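Structure, as structure tokens:
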Amino acid sequence: MHVKLLRYTPEPDRTVAMSARLCYSPIGAAELETKMSDKEVASLVRRLGQMGHTSTFEHVSFTFAIEGVSRVLTHQLVRHRIASYSQQSQRYVKEHDFETILPPSLAARPECKKEFQDLCGKIQDLYNKWTEAGVPAEDARYILPNAAETKIVVTMNARSLLHFFQLRCCSRAQWEIRALAWEMLRQVKEVAPILFEKAGPTCESDRVCHEGKMSCGRLAKLLAQDAAQKAAGEKA
């Protein structure tokens with residue numbers, strides 16, 4: 001998997017803070033942008049996040065180039081509706097030597113791994129045979145596996161990203177999209193540290209878990225840590 005943050009709104013934290021302050025200011029956005037100190041920006045962005053007033057987070061966007069992932073992952077990814085996607089087409093790009101993503105659970109079982117590779121090899125041979133015989137790539141692709149590697153460009157605003165991280169950084173998310181989510185979060189934190197400082201699964205962002213009996217149990221550990229830190233602070 002290869003993930004690269006290609007583009008993002010310049011000074012995203014400041015852009016969000018300026019947009020929010022404008023709602024209650026007699027002066028314009030351009031003047032606000034220069035007058036707000038870094039401390040004021042950080043304080044306001046944190047307060048907006050705590051209050052759930054995140055409409056202004058939509059003013060900043062982030063564009064990622066993602067490669068080395070499976071069609072399984074992208075089928076899940078595009079379910080996040082407030083986003084823009086441009087994916088490599090199996091209709092126009094012929095898959096004469098397609099790569100596959102091998103799940104770790106299969107890789108750990110030699111027999112399963114061999115069966116997986118043998119089947120993908122048979123699919124490749126049949127795909128090549130059909131396309132060489134004149135079958136359009138858009139029809140031959142019907143036999144390609146979900147494991148086929150794909151590439152996609154994704155753009156999301158900060159509000160959508162926060163929701164994406166809540167769902168896909170969770171241990172209940174499938175391993176591949178979870179790995180993608182954590183890497184995307186790592187990269188946006190570098191350029192928008194205040195916006196995303198509490199981003200992650202809901203157990204981290206909101207100290208709540210919606211998984212019920214399927215919870216991984218991490219929330220209980222986090223709450224225990226919070227209680228210990230509070231107790232230590234009171235003693236100090």
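The values are calculated or read from the model by the stated rules, or taken from the named source; none is laboratory data. Predicted model, so just to flag it, every value in this text is computed and none were measured. Reconstructed Cβ throughout: ideal geometry from the backbone, glycine too, with neighbour counts over all protein chains shown. Just so you know, the surface numbers come from the protein's heavy atoms only, side chains and all, with ligands and any DNA or RNA stripped out. Shrake-Rupley method; radii C 1.70, N 1.55, O 1.52, S 1.80 Å.
Highest-first packing order for the peptide set 67-76, 100-109 is 67-76, 100-109, based on the mean count of other beta carbon atoms within 10 Å. Computed 3J(HN,Hα) for segment 132-149, one whole-Hz value per residue from the Karplus formula 6.51 cos²θ - 1.76 cosθ + 1.60 where θ = phi - 60°, is 5, 7, x, 5, x, 4, 5, 9, 5, 5, 4, 9, 5, x, 4, 6, 4, 5, glycine and proline marked x.
Using the Karplus relation 6.51 cos²θ - 1.76 cosθ + 1.60 with θ = phi - 60°, the per-residue 3J(HN,Hα) values for segment 181-196 come to 4, 5, 6, 4, 5, 4, 6, 6, 5, 5, 10, 9, x, 6, 4, 10 Hz, with x marking Gly and Pro. Between the residues 74, 42, 86, the greatest Cα displacement towards the positive end of the dipole of segment 1-86, with unit charges on the Cβ of Lys, Arg, Asp and Glu, is found for 74. Where only DSSP H runs of four or more residues are counted, the chain gives -15500 deg cm²/dmol as its mean residue ellipticity at 222 nm, each run worth -39500 (n - 2.57). Overall, the accessible surface of segment 108-221 at a probe of 1.4 angstrom is composed of carbon and sulfur to the extent of 53 percent.
Too long at a 25 Å Cα-Cα cut-off: which of 151/198; 4/198; 94/151; 122/151; 4/35?
Values: 151/198 29 Å; 4/198 21 Å; 94/151 14 Å; 122/151 23 Å; 4/35 33 Å.
The pairs that break the limit, which is 25 Å between Cα atoms, are 151/198; 4/35.
Annotation: aspartates and glutamates with alpha-carbon distance below 19 angstrom to residue 39 (same-chain offsets under eight excluded): 11, 13, 31, 190, 197. Per residue, segment 118-236 exposes an accessible area of 56 Å² to a 1.4 Å probe, with every protein chain left in place.
Between residue 151 and 88, the built amide H atoms are under 5 Å apart, and every one of these is 5 or more places off in sequence or on another chain.
The alpha carbons of segment 1-67 give a radius of gyration and a Dmax of 13.8, 48 Å, in that order. A 1.4 Å probe run over segment 25-81, with the rest of the protein chains in place, finds 55 Å² accessible per residue.
Phi angles across segment 108-114 convert, under the Karplus curve 6.51 cos²θ - 1.76 cosθ + 1.60 with θ = phi - 60°, into 3J(HN,Hα) values of 7, 10, x, 5, 5, 4, 5 Hz, Gly and Pro given as x. Listed values (1) 15.1; (2) 13.1; (3) 17.6 include one computed from this model; for mean projected area of the Cα convex hull in nm² that value carries the label (3).
Taking all pairs of distinct Cα atoms, average 1/r, flip it, and tell me the Kirkwood hydrodynamic radius of segment 173-236 in Å to one decimal place. Spell out each step's value before the answer.
Working: mean 1/r = 0.0733 Å⁻¹.
Evaluated on segment 173-236, it is 13.6 Å.
Working from Cα positions, state the angle (0 to 90°, nearest 10) between the long axis of helix 38-51 and the longest principal axis of the chain. The angle comes out near 70 degrees. Relative to the longest principal Cα axis of the chain, at what angle does helix 218-235 sit, 0 to 90 degrees, rounded to 10? Taking Cα atoms only, the helix is inclined about 20 degrees.
Kindly state, as a whole number, the per residue volume in cubic angstrom of the convex hull around the alpha carbon atoms of segment 1-116. Write down the numbers at each step before the final one.
Numbers: hull volume 20.0 nm³, N = 116.
Here the figure is 172 Å³ per residue.
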